[in-house]
Amino acid sequence: MNSSSSDSVSRPAAGFGVWIEAMRPKTLAAAFVPVLIGGSLAYGHDQFLWIPTTIALVCAFLIQIGTNFANDYFDFKKGADTPNRLGFKRATANGLISPEAMLRATIFTMAIAFVLGLMLVIHGGWPILLIGLLSIVFGIAYTGGPFPLGYNGLGDVFVFIFFGFVAVMGTYYINAFEWSAQAFWASIAVGALCTNILVINNLRDIEEDQQTGKRTLGVLLGEKALKAEYALMLALTFAIPPHFYFQEGYGWQVLIPMVLLFPALILLRSVIKEEDKTKLNDTLEHTAQFMGIFGIFFAAGLVAGA
């Protein structure tokens, strides 16, 4: 489907359920967990502030939803969403939401995130303004602009940095008004888990991406590289709780997430062995669910073991 023929077709207004699906709620753990971990670290250090953390969480959800809307719009405009798509249904490409409406929703969502974020800027100063602006700009630049990151093999780097380092350390900063080495280490696990959601997405869509000129890491390096990346991200994730126990002086509670090692190995096996790409939609959901559970366990360990 191309944008030129579809832009001229009038569509009825999309229903509430269509918009909810376009937000991709199954992957919103990627917005929740970084704020949860950053806030839990601050709580364990007796520096937790409810109001800034809550605002940060709302902004995180809005920026991710806005990014998802932007992806929906720009992937459609670039012809990256084809009728043979194996992934979850895209609202614009399937004629459920007009490109104009999706673009307006992107702008509106990002604008609300910016306005709410100004409250955090008043609270935390210019570092928070910089973090917020960069998060919005790069959220749009993931698939939009003259050099879309997701089309040039940089999507994984963007996700690791912004959903890991930026989100976790930024959340800690608005609580403690200082940067934390512990927040840096915790953000590695969070960034790795977020990246694995993208890895599954790229592994599932590798053939379509090749056809449409979308140069993800899967297209550039091949399926084996993606599977190795998934394993590496899991290894990084499970290296962090022991670091907090042995190097940061936390109690045994911080090792609670290690009980998830076996489910992680099951996920890894499905990534390595699965040949039916359509079944990777389930693996993507399970990877996002795993991130949410790991995040909750890790947060509980950080609070109890501080």
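Values computed for the structure shown
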| read-out | value |
| --- | --- |
| Partners for LYS224 among lysines (Cα-Cα distance below 17 Å; same-chain residues under 8 apart left out) | LYS273, LYS277 |
| Dipole of the chain, positive end: most advanced residue of PHE160, PHE108, GLY295 [Cβ charges, Cα centre] | PHE108 |
| Extended-chain gain in nm, criterion 0.36 nm per residue less alpha-carbon gap, MET258 and ILE122 | 45.1 nm |
| Student exercise, the chain dipole from Lys, Arg, Asp, Glu Cβ charges, in Debye to nearest 20 | 320 debye |
| Anisotropy class of the stretch 85-158 from Cα gyration tensor, a/c 1.5 cut | oblate |
| The chain: DSSP helices with Cα axial extent of at least 20 Å and average Kyte-Doolittle hydropathy no lower than 0.0 | 29-44, 50-77, 99-124, 126-141, 181-204, 223-246, 280-305 |
| Label zone at GLN211, where the point sits 7 Å out along the Cα-to-Cβ direction: the stretch 48-92 residues whose backbone N lies under 20 Å | 72-92 |
| Two-site label geometry, ALA300 and TRP179: point separation in nm, points 7 Å out along Cα→Cβ | 3.3 nm |
| Total formal charge among the other residues, if their Cβ is under 13 angstrom from that of GLU229, Lys/Arg +1 and Asp/Glu -1 | 0 |
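Read the figures in this text as sums done on the coordinates, not as results from a lab. Here the structure is a predicted model, which means the values were calculated and not measured. Here Cβ is always computed from backbone atoms with ideal geometry, including for glycine, and neighbour counts include all displayed protein chains.
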